[in-house]
Amino acid sequence: MLFNSYLFLFGFLPPVLVGCWALRQKNLRLAFLTVSSWFFYAWWDWRFLPLMLSTTMVDYVAALALDRTDDERRRRLLLIASLSVNLSLLGYFKYAGFFVGSLDGIGRALGAPVQLPELHILLPIGISFYTFNSMSYTIDVFRRRVKPTKHLLEYTTFVALFPHLIAGPIVRFTDLAEQLRRPRPFLTSKAASVGLFFLACGLTKKLLIADQLNPYVDRLFAHSGELGFLTSWAAAFGYSLQLYFDFSGYSDMAVGLAWLIGFRFPQNFNSPFKAQNISDFWRRWHMSLSAWFRDYLFIPLGGSRRGPARTTMNLVLTMFLAGLWHGAAWTFVVWGLFHGVLLGTHGLLRKVGLTTSSVLFNRTVTFLFVVAAFVVFRAPDLGTAGSILSSMLGFGGLDHAAGLHQFLPARFLILLGALLVFVHAAPNTWQVRARPRIAYGLATGTAAAIAIMTIASPHPFIYFQF
Amino acid sequence: MAATSRNRVGSLGAPWIFRRARPRASSEVEKLERPLEPGVASVQATGYAKFVVATVGACLALLAATLTLNVLVDPFAIDGIGLLPTAVEADRSIKLNLIGHLEQSPEIVILGSSRARQAEPSFLTQITGETAFNGAVTGGTAADAWVMARYVTDRFPREPHHYLWFVDAGIATKGINPQLAQDPRAKRYLAGKSVDFTLADVGTYIGPQASLASWRVLEKCVLHACKARLRYLPDGAIARPTLKYLPEHAASLENSVSHLVDAVRRHPPREPNTNPERYRFFERAIAFMNARGIRPVIVLNPIHPRVLAELRRHGFAQRKASLAYLHALHRRYDFVVVDGEDISRWGGSPQEFTNATHVNRLNMRRLLRHIVAHSDGALR
């Protein structure tokens, strides 16, 4: 079930809101939210519901067992068991096909083809997100940063809560523990206003911006071999903006829905294209994921405390895995490595004092590198990515008039120009501090209605595939 | 003891995953800040209830107004309210009119959707020597074919007819078009069956396409005069000068194909719903034809090669299911299947399409030749 579907907005959400606030008793409300969220998940494919339930139960039991013992060997074994289950499921469903295919490819390249069966494994939607939610819980309990909950419904609600279940934000138990322990007694008009505001912003970003860019961007990437300098940059800018409005739109919707059912989610995007360096970018883009990788991978690896060489290696390794997290494809691996190298290089340059303080220069350079990296992220294969990147560097020559006419219609150019100005100048959804005036309400409702009208053929969110 | 072992786990000598993170420097703590309260929630103000009412009210009012307008104008002839002419052609009534005015019984009747309306009866006559009539209609379903077959038979009860029935990969679709259901000549064949106005139609009539179509209808019929641009010949063929006005005439075939390929990539068609209700009119029509000693020729509509390649890449479950269904149906009924999906089988050209899903007249002629040659005598 997509957030941007009639079924969700008019069939699922209203009864869930009514049920959620009608049930004042904590257990009943949490049970209702858990079951509603399972229903939401099972609507896509019920066969994968047991998979999520098993992950939930394994981590719930492991966390309780971790808390009960002080025997470090036993605690370590428990953590290993919990992580193994999570990572095995993720590895099997997400990466088995990729590794088998890659082995086959390597074997063929070396002239010794490996006869491996071709795997067609369906990726359970949201597995990367709920697995990471769950893993952060057991690791935090192991580190004694979090007191595990004995209340099963608190935990099932934490894992399954439908606003973040499919594509994040990756919520930590610490973010929700108190909210689950003491659910809000009623929906205030302020919370409803915030929720509706975020939901409307998310719908507008997704349906009126990201989905409108989609056909132009798709066409450009489908004709990667025919692109010249301008059209290749248009493809890169177009996709970067599409991805940002798609995913930040989803995150806004998730935050808005959470407010409407009495929860608060952390910020996931903070005007990432205003970043002044690549580290800054990762503090603004998909913040919940970058914080996850930093806390559970980069810092335990030694972070930046062990000298420049080790820091660079840690960054590259972390970003390599962050890239792989996005998808089982070499394009994501290269995208992650590229960001790792950028982060490492930036760290070294900063250390030797070779960074400039010019905001305009820093923002421009960071933006261009990020945009170029997104070409690799979007491209179906490395060949296509290479072709577009070389055209961006001018190796494809200037565009012919026919190409410009075919790929850059005026509507696309106007949209692109307006959005580039918008992402660099306008405040993001979290920064808006408007007063609740009726006129703003009418404008918000109108924007939401116009967005809803375009739902007739909804596009799934880009991050659903991860 | 426990404290000691905990310290050991937290030491730098332990594998990384077991190390407890050190207390963070203040800069790191700052980085980890993940605010839970957006700016809009930090504003101290009153009037939130009015904001909620205004937001929800404006949204619902706009959606309701759009739905009401489109239901009243009914541009796609879905609800059948009939206050204004529709934006889609009213070709069911036109075709029934033409059948009513036929002086001579057609020996071959062409059935199907808009994909079949490029089939020229005169060309069929040229290659078979038999007279023909094109009864294909926009968005034609099995119910349309059933009504056309029955009406032709009732009009010329003593004459035998051959049927050339073009179907899509899903074979049959459920539902009766309101135009058909409301036509007095069709009503008698549809006894007990009502027009379906489903929730999906509500979605269609909230959408921008419907609103644009309503605007066109209002502009054309209220500000100017209602005038259909499509003209049909007495044998049901489209008059040549109106070919350029066909709704399926894409401005750019390349774009049309790319969009469809992209749509298939994003939403690969699943195996079709095999609910028997879906096939009711299809089977009833074949049974009717067989009862009159006629073997209909079922033609699987051509698919643009790029679209077909994409469908095949995803397994094309719809085709497999449809072929299995037709195979099973062969045990009960007599009919000939001509598979026209792959245009290379009948010498079709990927350039001779009006859009990604409709072949043009030139390709249709090639296909008709192929059909006649492979119809196992069912058209002669």
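How many Cβ atoms of partner chains, on average, are near each residue of A:189-199 if near means within 10 Å of its Cβ?
Across the residues of A:189-199, the mean count of other-chain Cβ atoms within 10 Å is 6.
Take the protein assembly as shown, drop everything but the C-alpha atoms, weight them equally and run the Debye formula without solvent; then report log10 I(q)/I(0) at 0.05, 0.09, 0.11 Å⁻¹ to two decimals.
Result of the Debye calculation: -0.34, -1.03, -1.36.
Below 8 Å, C-alpha to C-alpha, sequence gap of six or more: please give me the relative contact order for the stretch A:25-184 in percent.
33
Mean residue ellipticity at 222 nm from the helices of the protein assembly as shown, using -39,500 (n - 2.57) per DSSP H segment of n ≥ 4 over the full residue count, to the nearest 500 deg cm²/dmol?
-17500 deg cm²/dmol
Could you list A:Phe98, B:Phe282, B:Phe133 in order of exposure, starting from the residue whose Cβ has the fewest other Cβ atoms within 10 Å?
Numbers: A:Phe98 19, B:Phe282 22, B:Phe133 25.
Fewest-to-most ranking of A:Phe98, B:Phe282, B:Phe133: A:Phe98, B:Phe282, B:Phe133.
Going highest first, how would you order B:59-68, B:328-337 by mean Cβ packing within 10 Å?
Most protected by this proxy first, the peptides run B:59-68, B:328-337.
Which order do B:Ile294, A:Ile166 fall in if you start with the one that has the fewest other Cβ atoms within 10 Å?
B:Ile294, A:Ile166
Taking amide H positions as placed 1.01 Å from N in the peptide plane, with prolines and chain starts having none, which residues 5 or more places from B:Val299, or on another chain, fall under 5 Å of its amide H?
B:Trp165, B:Phe166, B:Val167, B:Val338
In debye, nearest 20, what is the charge dipole magnitude of the stretch B:268-343 about its Cα centre with +1 on Lys and Arg Cβ and -1 on Asp and Glu Cβ, if you could check?
Using only the charged Cβ atoms, the result is roughly 140 debye.
Per the Kirkwood definition applied to all pairs of different Cα atoms, how many angstroms is the hydrodynamic radius of the stretch A:190-465?
About 20.0 Å for the stretch A:190-465.
Considering the convex hull of the alpha carbon atoms of the stretch A:339-434, report its projected area averaged over all viewing directions, in nm², one decimal.
Across all orientations, the stretch A:339-434 yields a mean hull projection of 9.6 nm².
Using all Cα-Cα distances in the stretch A:176-273, what percent lands in each 10 angstrom bin from 0 up to the longest?
Binned Cα distances yield the sequence 16, 34, 24, 15, 8, 3.
In debye, nearest 20: dipole of the stretch A:25-184 around its Cα centre with unit charges on the Cβ of K, R (+) and D, E (-)?
Charge dipole of the stretch A:25-184: 620 debye, to the nearest 20.
Within 10 Å of each Cβ in A:9-17, how many Cβ atoms from other chains are there, averaged over the peptide?
Counting other chains' Cβ atoms within 10 Å and averaging over A:9-17 gives 1.
Run the numbers on the stretch A:111-202 and let me know its relative contact order in percent, using alpha-carbon pairs under 8 Å that are six or more apart.
This gives 31 percent for the stretch A:111-202.
Taking Cα pairs under 8 Å and at least six residues apart, what relative contact order does chain A come out at, in percent?
It rounds to 19 percent for chain A.
Mean Kyte-Doolittle of at least -1.0 plus a Cα span of 30 Å or more along the axis: flag which DSSP H helices in chain A meet both, please.
Correct list, ordered by number: A:229-260, A:330-351.
Each value in this text was obtained by applying a stated rule to the coordinates, not by laboratory testing. Being a predicted model, the structure only gives us computed values, none of them experimental. Note that we place each Cβ from the backbone using ideal geometry, even for glycine, and neighbour counts take in every protein chain shown.
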